[in-house]
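The values are calculated or read from the model by the stated rules, or taken from the named source; none is laboratory data. Small disclaimer: the values here were computed from a predicted structure and weren't measured. Quick reminder, even Gly has a Cβ in these numbers, built from the backbone with ideal geometry, and neighbours come from all protein chains shown.
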Amino acid sequence: MEELKKLIREVPDFPKPGILFYDITTLLKVPDGFRAVIDGLKERYRGTHIDLVLGIEARGFIFAPALAYALGAGFVPVRKPAKLPAEVAAVTYDLEYGSDTLEMHRDAIGAGARVLIVDDLLATGGTAAAAARLVEQLGGQVAGLAFVIELTFLGGRTRLPGYELFSLLQYDK
């Protein structure tokens, strides 16, 4: 998996000065790279009972449906406000620079459904924690949280105690 890091573009000072952005678009355009990501995630969760794979807007939408297909599970999108047409459940959470809200259709997750939450990046953990709260609010069980990239130096795991976490690639700085 470490070879995949060569396919990820590092963009300094984006979206603001001092931030190093890990751009996955350069990985996605390489068929073997994208395949390795999905296969790596599939391998980790093979044999685990997963009913639904939840993808967090926007880059989670890239990986979660492909993984759901590979695992024989359904896909559920988690969106920013006012993007879903039916009744929604919502959770507002704090960010380093303000707050944000995630929404999911109220009927997306049945009671007891085992849900794998997928996103491209684990940074501070706020968005992933909010998605987990949504799953539990609707009666689902978080079977795990999976990420392509984890920025370990930001300590996102500390905001997700009690959950099983997996990341394909880790960056220490």
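Could you pull out the residue among A111, A131 that is crowded, with 21+ Cβ neighbours inside 10 Å and either closer than 24 Å to Y45 by Cβ or among the polar types (S, T, N, Q) (or both)?
Result: A131 is the single residue among A111, A131 that is crowded, with 21+ Cβ neighbours inside 10 Å and either closer than 24 Å to Y45 by Cβ or among the polar types (S, T, N, Q) (or both).
Tally the residues that are of a type in the set (D, E) and part of a loop (DSSP other than H, G, I, E, B), restricting the search to segment 1-26.
Selection size over segment 1-26: 1.
Residue by residue through segment 137-153, note down the ones that are under 16 Å from the mean Cα position of the chain (by Cα) and more than 16 Å from Y45 (Cβ to Cβ).
I149, E150, L151, T152
If D107 satisfies every condition in (1) touching a strand residue (DSSP E or B) at 6+ places or on another chain (Cβ under 9 Å); (2) closer than 23 Å to H49 by Cβ but one, which is the exception?
(1)
Would you check if there is a residue in segment 140-156 being assigned to a loop (DSSP other than H, G, I, E, B) and surrounded by 22 or more Cβ atoms within 10 Å (Cβ to Cβ)?
yes
Mind checking whether some residue in segment 158-167 is modelled with pLDDT of 95 or more, surrounded by 20 or more Cβ atoms within 10 Å (Cβ to Cβ) and within 13 Å of the chain's Cα centre (by Cα)?
Among the residues of segment 158-167, at least one is modelled with pLDDT of 95 or more, surrounded by 20 or more Cβ atoms within 10 Å (Cβ to Cβ) and within 13 Å of the chain's Cα centre (by Cα), which makes the answer yes.
Are there any pairs with C-beta distances below 7 angstrom linking a residue in segment 85-102 that is touching a residue at least 60 places away in the same chain (Cβ under 8 Å) and closer than 14 Å to I56 by Cα to a residue that is aromatic (F, W, Y) and loosely packed, with under 15 Cβ neighbours inside 10 Å, with the two at least 6 apart or on different chains, and if so which?
none
Within segment 128-150, count every residue that is touching a residue at least 40 places away in the same chain (Cβ under 8 Å) and not basic (K, R).
Of the residues in that region, 12 qualify.
With the condition kept exactly as written, say whether any residue in segment 116-127 is surrounded by fewer than 16 Cβ atoms within 10 Å (Cβ to Cβ), part of a strand (DSSP E or B) and on the phi < 0 side of the Ramachandran plot.
Looking through segment 116-127, none of the residues is surrounded by fewer than 16 Cβ atoms within 10 Å (Cβ to Cβ), part of a strand (DSSP E or B) and on the phi < 0 side of the Ramachandran plot.
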